[in-house]
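Participant: Mind having a look at this structure? Questions to follow.
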Amino acid sequence: MDGASKRERLEGVTAEVRACRLCPLHEGRMNPVVGGGSLDSPLVLVGEAPGRKEDEQGKPFVGSAGKLLDSMLEEANLERSKLFITNIVKCRPPNNRRPLSKEVRACSTHLETLLGIISPRVIAPMGNSSTGHFLRMFGLEKAKIGDIHGNVFRVEASWGDVILFPLYHPAAVLYNRTLEQELKDDFAALRRLLEG
Ligand code: URA
């Protein structure tokens, strides 16, 4: 798919998300957050759901978890503008609660369309909710992020072979600084994976 068709298809998903009424989360949102970055990226980072700042700006990871993510990317020498970042749920849940599984299921059509456009070689879900969604999607055994972060899972997506590489959610590091080095090490391994 060439760049122009990818951009056109992204506009299509964006319009679908703006008009989406598949779950009640659209009722409380200011702006849906479809995602942002390069449509040619070999890597898609997938968080949980927009928070307050993301909802205000319509962009992913622009609040405090985003700042932490930016510092991790910089340290791993990964340029944010060359990656694509999105969430499993496109609208902010009330009071930043975790999205319900029915909301994640309802939103998965948007996520799958988006991933199909980008067709990444690596998907890095960040945190338990996002990782759980992808383990289910690819028929893998349920597991906690603490047990499988930094592990490589080879799976088959509709566009080809994909590596699933679960990471801690950057917000988890904000609450528990002992996870910081582990997340840094995982981002360094992710960088090597992309180079390999
Ligand atoms: N947390 C997420 O999971 N996603 C965002 O976009 C921001 C914070």
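Participant: Before we move on, is A15 surrounded by fewer than 21 Cβ atoms within 10 Å (Cβ to Cβ), modelled with pLDDT under 95 and in a helix (DSSP H, G or I)?
Facilitator: Numbers: surrounded by fewer than 21 Cβ atoms within 10 Å (Cβ to Cβ): yes; modelled with pLDDT under 95: no; in a helix (DSSP H, G or I): yes.
When the stated conditions are applied, A15 does not pass them.
Participant: Residue by residue through region 27-39, note down the ones that are touching a residue at least 60 places away in the same chain (Cβ under 8 Å) and either acidic (D, E) or surrounded by 16 or more Cβ atoms within 10 Å (Cβ to Cβ) (or both).
Facilitator: Of the residues in region 27-39, the ones touching a residue at least 60 places away in the same chain (Cβ under 8 Å) are 28-30, 34-35, 39.
Hits for region 27-39 are R29, V34, G35, L39.
Participant: Looking only at region 172-179, decide whether some residue is within 16 Å of the ligand (Cβ to nearest atom) and in contact with a Gly (Cβ under 8 Å, 6 or more places away or on another chain). Working first, answer last.
Facilitator: Within region 172-179, the subset within 16 Å of the ligand (Cβ to nearest atom) is 172-176, 179.
When the remaining residues are screened for being in contact with a Gly (Cβ under 8 Å, 6 or more places away or on another chain), the result is 172.
Taking every residue of region 172-179 in turn, at least one turns out to be within 16 Å of the ligand (Cβ to nearest atom) and in contact with a Gly (Cβ under 8 Å, 6 or more places away or on another chain).
Participant: Ok, one more. Need pairs with beta-carbon distance below 6 Å; first residue within 12 Å of V46 (Cα to Cα) and open to solvent by 20 Å² or more (accessible area, probe 1.4 Å) and within region 59-71, second near the ligand (Cβ under 6 Å from one of its atoms) and of a type outside the set (F, W, Y); sequence gap 6+ or separate chains.
Facilitator: Every condition considered, no pair remains.
The values are calculated or read from the model by the stated rules, or taken from the named source; none is laboratory data. Predicted, not measured: the structure shown is a model, and the values here were computed from it. We place every Cβ from the backbone using ideal geometry, glycine too, and count neighbours over all the protein chains shown. The protein model used for the area step is the full one, side chains on, heavy atoms only, and it has no ligands, DNA or RNA in it. Shrake-Rupley method; radii C 1.70, N 1.55, O 1.52, S 1.80 Å.
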